[in-house]
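Here's the structure we're looking at; comments come further down.
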There are 2 protein chains.
Amino acid sequence: MSDHQADLIVHARWIAPVAPAASLLENHALVVRDGRIVDLLPSALAGEKWQSPTVQHLETHLLTPGLVNAHTHAAMNLLRGIADDLPLMTWLEKHIWPAEGRFISDQFVQDGTRLAAAEMIRSGTTCFADQYFFPASAARATVEAGLRATLFCPLLDFPTPMGAGPEDYLRAATEAMDEWRHDPRIQIGFGPHAPYTVSDEPLQKVVTLAEELDVPVMMHVHETAGEIQMAVGNTGERPLTRLKALGLLSPRLLAVHMTQLTDEEITLVAETGTQVVHCPESNLKLASGFAPVEKLRQAGINVALGTDGAASNNDLDMIGEARTAAFLAKGVSLQADALPAAEVLQMATLNGARALGRDDEIGSLEIGKQADMIAVDLNRLETQPVYDPVAQFVYAATRDQVTHSWVGGRCLMDNRQLTTLNDPLILKNAQQWQEKIAGADRD
Amino acid sequence: MSDHQADLIVHARWIAPVAPAASLLENHALVVRDGRIVDLLPSALAGEKWQSPTVQHLETHLLTPGLVNAHTHAAMNLLRGIADDLPLMTWLEKHIWPAEGRFISDQFVQDGTRLAAAEMIRSGTTCFADQYFFPASAARATVEAGLRATLFCPLLDFPTPMGAGPEDYLRAATEAMDEWRHDPRIQIGFGPHAPYTVSDEPLQKVVTLAEELDVPVMMHVHETAGEIQMAVGNTGERPLTRLKALGLLSPRLLAVHMTQLTDEEITLVAETGTQVVHCPESNLKLASGFAPVEKLRQAGINVALGTDGAASNNDLDMIGEARTAAFLAKGVSLQADALPAAEVLQMATLNGARALGRDDEIGSLEIGKQADMIAVDLNRLETQPVYDPVAQFVYAATRDQVTHSWVGGRCLMDNRQLTTLNDPLILKNAQQWQEKIAGADRD
C-alpha cells in the first residue's frame, strides 16, 4: 500500500542524473510532485512507496536532465541557411545585418522563437540562453512553449529596429526585467553584443545595473583572431584586458566563444570566475578558431555548451553539439581521453545551469530540483548494441531519438508529439517568412 | 500519349545530381529503366514523354546520389561503444583486438554486416568500402541487403581467426575475388591493414596481384603521429616513403586517414594519383590529428569520405560525417569558404565512387548511370525554412530524414520502411551479441 502521492512516476531502463558525476542508475524510477523531483529509487520499490495518476514506463530509454543550450539567437531560425560557407564578417555585414535591419520586428522574433522552441523541444533542450532583439516577444513564445529561458537583452552602439542607441537598449532591458520578474521560467539579463560593438560607457552601466539587479550578462568575447587584431591595432590592448578594466569579468559574465586565449588570459578567466560558453559548431563553420576547452576545464573554469543561432550553425541540436564538442576537445588537445561522454553530458546540462546561476533549480536529476528532463530511446539500429548508454547517447544517437520532454514535471513532448505547440502551423509560418526574406536577400 | 516505357519515375521538389558540379534542379523527374537513369527532365514534361507502373511524388524532398561510404569496418557495428574515449593504441590493443580474437567468425561478420547494412540504408548510404575479416560473409550480407560494396580483404603479418599469416590472407582474397567476379554489386580488393602491421614481402605481392587482377587496394596510412615516429625510429623513413618504394602509390590505392602529411608528401600523393579517404570523426575521436583536406583538394587530389567503423566513430552516418568534414575543413584551414556544402556532397558521393573506380556506374545522377539514389525530406521544423536545399541537407538534416533509398533502381527503403532486411530481428540479434561480448570485455 502506497503512503505517498505523486504527480508523475517515470520508470526508465537507465537514468544518468549527471550529479553525482558520471553516475548511472539502471531500472530506476524518478518521482515528481509539484514539478519537483521527490524521489529516485529502484523501479521495483517505487510501487510500494508511491502512487501517481501518471506512470510512464520507458523500457529502452535513457533519462537525462533536460539539455541547457547556453547560447543561441533563437529567432534567427527564420534565417537558417540564408548564407553559408562565408567568413563571420562577410556573413554578418552582407547578409545577416541587412536581413535583420529589414525584417526584425516583434512578430519576426515571436515567430522565429516559436520555430526555435519547437526544434529545441524535439531535440532535448529544456532551457536556453537567448541573445536577441525584442526579448519580451521571445519570452512570450518561450512561455507558450513551456520552456525555460534566460533572455539577454541586446546592447549595441548603433541603431537597429529595436532602438537608436545604448539608452534605448538599456531601457528595454530593465523594462523586460520588470515585466518578467515573477515568472520562474523566465530570467532576463544584459546581452552587450561584443567588445567591438559596444563602447566603454554603456558597458560600465551594464556592470553597475547587473550588480544592482543581480542578473547575468552575456557577451561574444574573443570569437575570432581578427577582432583581437583590430582591437590591438586601435587601442593597444586585447579585448579581455579592456573587459577586466571595466569590471566585467566575474561569475556574472557568460563569455561566449573564447577561441583566442593566451595562458595568462585563461588564468584571468579562472581567477575571476568568468563563465565560458563553448559553441564548437559555430566556431568551426565560421572558421573562427578552436576554443582550448581541455585547458579551460583543467584550469577549473565552468564551460557550458551552446549551439549559437541556426543562421550560423545551422541547427539548435544540442546532441549534435555535444558530440562535436567531445570530438573537437580530443582533436584539439590530441588526447583521446579528453572530455569523455559523461563529462560532455554534464557540460550540456549542469554546467549550463551553473553558468546561468540556475543550478539550484535545474541541470541535474537530484531530489529537490525541478523535474526538467528528457527521455532518449536507444532501441534503434543506430544505437545498438548498448555497452554504455551515455556514450551511445553522445556518440551515436540523433535528435529524433528524444521521445519525451518535461519542464517542471509538465510534459512538453509525449512520444514525439509536441503538447504545447502546433507544428504544422509553425512549419507553414516559416515557409511564409522564407518567401519574404529570400526575395530580399537576392536583391 | 507517352512513347517511352520506364520502370520508375521519381518526381522531386529538388534534385542535386552532383554532376554537373553544384547544379540544382527544381521540380524535375528522374526516369529509371532496367536499373539505370534514362532521363532527367522537368516534372511537367515527364508525363507526356514517359509512362511507368511506379511513379513517386516527393514534394518536399531533395533527391541526391546515394552516399558512398569510402571506409568502414561494417561488422564492427557489434562492437559499437565497447570502449570509448581512449587513444588508438590502447583502444586497439586492450579492447578491440582481444574482442576480435575471441569473437570474430563468419557468423559475427554476417550478423554485424547485416546490422551495419540496415543502418547504412537508413542513413542514405548505397555503396560502401569495407575492410574487415571474412569478406565473403560480408558480401553475402551486402547482397541480401541490396547494397553495393567494395570489400577489401584483410592482410596482416600476424595470425587472426581468419588465418595464420600473409599467405592465408592472400589466398582468402583471391578466392573471394573468384567467387564474386560475376556480381556487379560486389567488388573485391586487397586491404593490407597499415604500414606498421604488414611487412614488405606481402605488400610487394599485393602490388603485383592488384595490377594483374585489376583491383583496388585500401590501407590505413599516416593515421597518427605516433606510428610515423615509430617507423622513423625503426627504419629511418616515413611510411609513405616506404610505400612509394614498394610501388603502392597509384590511383589503385585508397590511402585512409592521412592526418600527417608534409607538403612534399602532398605533392607525392597528387603526382601518383593516390586516392585519399578522409574519416574526420574517427580522427577527432581517437585524437589522431587533422587531415589537411583543403590542401589536398587544392593539390587536385581526389578526397573521398568514410565513417570508419562504428567501434571508433560511433556510427555509420554519412550525413553527420559530411557535416563534420565541412566544419572541420573550415576550422583547420581557417577559411569559412573551404569545402562548401555542394562540394562536401560531392565528396560523399562522386569522389567515393571515383576512389573505388566505380564512377562510370555510380556517384552522380547522370543519364546512363545506375539509379543509386536517396530522397531526404526537408519538410521538418529542423530544416525549415529552405533557402538552399543542399546546405540544409549538409548542415541541418539528420539521418532520420532520409525517406527512400534505391540501388540500381531497386527500392531498399520505402518511406522509412526497409524492404530487404528485417529490422526487429537484426535488433534482437545485436542484443544477443552484446550480452556475449560485454561479459568477456569486463573479464
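The values are calculated or read from the model by the stated rules, or taken from the named source; none is laboratory data. From a predicted model like this one, the values you see are computed outputs, not experimental measurements. A quick note on method: Cβ atoms are made from the backbone with ideal geometry, for glycine too, and the neighbour counts reach across all protein chains shown. The area values use the complete protein model at the heavy-atom level, side chains included, leaving out ligands, DNA and RNA. Shrake-Rupley method; radii C 1.70, N 1.55, O 1.52, S 1.80 Å.
Can you name every residue in segment A:367-405 that is part of a loop (DSSP other than H, G, I, E, B), in contact with a Leu (Cβ under 8 Å, 6 or more places away or on another chain) and small (Gly, Ala, Ser)? Selection gives A:Ala371, A:Ala397. Could you grab me the full set of residues in segment A:375-399 that are more than 7 Å from chain B (Cβ to nearest Cβ) and open to solvent by less than 10 Å² (accessible area, probe 1.4 Å)? Once the filter is applied, which keeps residues that are more than 7 Å from chain B (Cβ to nearest Cβ) and open to solvent by less than 10 Å² (accessible area, probe 1.4 Å), segment A:375-399 yields A:Ala375, A:Val376, A:Leu378, A:Thr383, A:Pro389, A:Phe393, A:Val394, A:Ala397.
When segment A:400-419 is examined, which residues are found to be within 14 Å of another protein chain (Cβ to nearest Cβ) and open to solvent by 10 Å² or more (accessible area, probe 1.4 Å)? Within segment A:400-419, A:Asp400, A:Arg416, A:Gln417, A:Leu418 qualify.
Looking for whichever is over 30 Å from B:Ala396 (Cα atoms) and crowded, with 24+ Cβ neighbours inside 10 Å here; the options are A:Leu240, A:Leu246. Which one fits? Within the list A:Leu240, A:Leu246, the selection yields A:Leu240.
Those residues that are open to solvent by less than 10 Å² (accessible area, probe 1.4 Å) and either assigned by TED's automatic domain parsing to the domain that holds A:Gln346 or not in a strand (DSSP E or B) (or both), I need them from segment A:19-34; list them, please. Walk me through how you get there before you give the answer.
If we filter segment A:19-34 for residues that are open to solvent by less than 10 Å² (accessible area, probe 1.4 Å), which is where we start, we get A:29-32.
Scanning segment A:19-34 gives no hits.
Taking the condition closer than 14 Å to A:Leu328 by Cβ and of a type in the set (A, V, I, L, M), does A:Met258 pass? Answer is yes for this residue.
Kindly evaluate A:Phe133 against the criterion of being touching a helix residue (DSSP H, G or I) at 6+ places or on another chain (Cβ under 7 Å), outside any helix (DSSP H, G or I) and open to solvent by 10 Å² or more (accessible area, probe 1.4 Å).
Against the criterion (touching a helix residue (DSSP H, G or I) at 6+ places or on another chain (Cβ under 7 Å), outside any helix (DSSP H, G or I) and open to solvent by 10 Å² or more (accessible area, probe 1.4 Å)), A:Phe133 qualifies.
Out of segment A:238-255, which residues are in a loop (DSSP other than H, G, I, E, B) and either under 14 Å from A:Val276 (Cα atoms) or among the aromatic types (Phe, Trp, Tyr) (or both)? Talk me through it step by step, then tell me what you get.
So in segment A:238-255, the residues in a loop (DSSP other than H, G, I, E, B) come out as A:238, A:246-252.
Answer for segment A:238-255, where residues must be in a loop (DSSP other than H, G, I, E, B) and either under 14 Å from A:Val276 (Cα atoms) or among the aromatic types (Phe, Trp, Tyr) (or both): A:Leu248, A:Leu249, A:Ser250, A:Pro251, A:Arg252.
Within segment A:154-173, identify whether any single residue is out of contact with any His (no Cβ under 6 Å at 6 or more places or on another chain), open to solvent by less than 10 Å² (accessible area, probe 1.4 Å) and more than 28 Å from A:Ser199 (Cα to Cα), and answer yes or no. So far as segment A:154-173 goes, no, none of its residues is out of contact with any His (no Cβ under 6 Å at 6 or more places or on another chain), open to solvent by less than 10 Å² (accessible area, probe 1.4 Å) and more than 28 Å from A:Ser199 (Cα to Cα). Among the residues of segment B:298-330, just one is basic (Lys, Arg) and open to solvent by 10 Å² or more (accessible area, probe 1.4 Å), namely B:Arg323. Quick check: is even one residue across segment B:410-433 in contact with a helix residue (DSSP H, G or I) (Cβ under 7 Å, 6 or more places away or on another chain), aromatic (Phe, Trp, Tyr), more than 26 Å from B:Leu339 (Cα to Cα) and touching a residue at least 60 places away in the same chain (Cβ under 8 Å)? Looking for residues that are in contact with a helix residue (DSSP H, G or I) (Cβ under 7 Å, 6 or more places away or on another chain), aromatic (Phe, Trp, Tyr), more than 26 Å from B:Leu339 (Cα to Cα) and touching a residue at least 60 places away in the same chain (Cβ under 8 Å), one finds at least one in segment B:410-433, hence yes. Listed conditions (1) away from chain A (no Cβ under 12 Å); (2) of a type in the set (Ser, Thr, Tyr); (3) assigned to a helix (DSSP H, G or I) are all met by B:Thr126, apart from (3).
For every residue, the table says whether it meets (1) within 10 Å of another protein chain (Cβ to nearest Cβ); (2) open to solvent by less than 30 Å² (accessible area, probe 1.4 Å); (3) of a type in the set (Val, Ile, Thr).
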position: A:Asp39; (1), (2), (3): no, yes, no
position: A:Glu48; (1), (2), (3): no, no, no
position: A:Thr54; (1), (2), (3): no, no, yes
position: A:Leu63; (1), (2), (3): no, yes, no
position: A:Thr72; (1), (2), (3): no, yes, yes
position: A:Ala75; (1), (2), (3): no, yes, no
position: A:Ile82; (1), (2), (3): yes, yes, yes
position: A:Thr90; (1), (2), (3): yes, no, yes
position: A:Lys94; (1), (2), (3): no, no, no
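Residue-level analysis places B:Gln107 outside the set of residues that are more than 13 Å from chain A (Cβ to nearest Cβ) and in contact with a strand residue (DSSP E or B) (Cβ under 8 Å, 6 or more places away or on another chain). A count restricted to segment A:99-117 and to residues that are basic (Lys, Arg) and over 20 Å from A:Thr307 (Cα atoms) stands at 1.
Could you tell me how many of the residues in segment B:142-153 are at negative phi, away from chain A (no Cβ under 14 Å) and open to solvent by less than 10 Å² (accessible area, probe 1.4 Å)? Explain how you work it out, then say what you get.
Initially, segment B:142-153 is screened for residues at negative phi, giving B:142-145, B:147-153.
Now restrict to residues that are away from chain A (no Cβ under 14 Å): B:142-144, B:147-153.
Subsequent filtering for residues that are open to solvent by less than 10 Å² (accessible area, probe 1.4 Å) retains B:142, B:147, B:149-153.
Going through segment B:142-153 one residue at a time, the tally reaches 7.
Quick one: which helices (runs of 4 or more DSSP H) sit completely within segment A:286-351 and have at least 3 residues that are facing chain B (nearest Cβ under 10 Å)?
On the way: elements: A:293-298, A:310-313, A:318-333, A:341-347.
Because the criterion is at least 3 residues that are facing chain B (nearest Cβ under 10 Å), the helices (runs of 4 or more DSSP H) in segment A:286-351 that meet it are A:310-313, A:318-333, A:341-347.
Looking only at segment A:29-70, which residues are without any contact (Cβ under 8 Å) to a residue 60 or more places away in the chain and touching a helix residue (DSSP H, G or I) at 6+ places or on another chain (Cβ under 6 Å)? Answer for segment A:29-70, where residues must be without any contact (Cβ under 8 Å) to a residue 60 or more places away in the chain and touching a helix residue (DSSP H, G or I) at 6+ places or on another chain (Cβ under 6 Å): just A:Ala29.
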